[in-house]
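Novice: Got a structure for you, written out below as structure tokens; questions coming shortly.
The values are calculated or read from the model by the stated rules, or taken from the named source; none is laboratory data. Since this is a predicted model, take the numbers as computed values, not measurements. Here the Cβ positions follow ideal geometry from the backbone for every residue, glycine too, while neighbour counts run over all protein chains shown. Side chains are part of the model used for accessible areas, which takes the heavy atoms of the whole protein and leaves out ligands, DNA and RNA. Shrake-Rupley method; radii C 1.70, N 1.55, O 1.52, S 1.80 Å.
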Amino acid sequence: MESTPAPQRMRNFAIVTIAIILVVALALGVRAQNFTDSLETQAKQAQPIDIALSNGKPTLMEFYANWCTSCQAMAPDLAAIKAQFSDRINFSMLNVDNTKWLPEVTKYRVDGIPHFVFFDNKGEVLAQAIGEQPRQILTAKLTALAIGTALTDTASTTAGEVSKFTPKVVPSGGNDTPRAHGA
């Protein structure tokens, strides 16, 4: 019976050692993950939107998807924010992958996620924000929402905002056909 050469045994030993280290790291990483911050858990704990918009408290409605990396990245911050404001503000979550929410997706013109809609205590839309929001900005907005003051640092309002642009019009000398190309 032939013996395995020393260099090959060392290589095999290194491979086994690295595999064991990776398995242990993976197991510890999964155990350390905070499952209470997951989107699915937060969605289950969220206030149903019909109740949220009619119970006299301001509401933050979040459109999300489980596959959305920005939504996942914000989940721990949103969990902390929800814990801080849950007594004063309703939090509703609508999964854009659920066709049940298509009327709301259309109504609030959701074309990117996460998409946040801020409602006053009468269920009227005050503002909307799209994309990953820093915790400080969301906290400032929710503080204002909770006390009934104007929201600050809001990226867009219900109707959206556009820049003021007035192009300079140069007379073309009477040659105004599309084929003239301004000549």
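Novice: Just to verify a result, which residue in region 123-152, among those that are in contact (Cβ under 8 Å) with a residue 40 or more places away in the chain and farther than 21 Å from Asn55 by Cα, is least open to solvent (accessible area, probe 1.4 Å)?
Specialist: Leu138
Novice: Right, next: Could you look through region 127-153, keep only residues that are more than 17 Å from the chain's Cα centre (by Cα) and farther than 15 Å from Ile89 by Cβ, and pick out the one that is modelled with the highest pLDDT?
Specialist: So the residue we want is Ala150.
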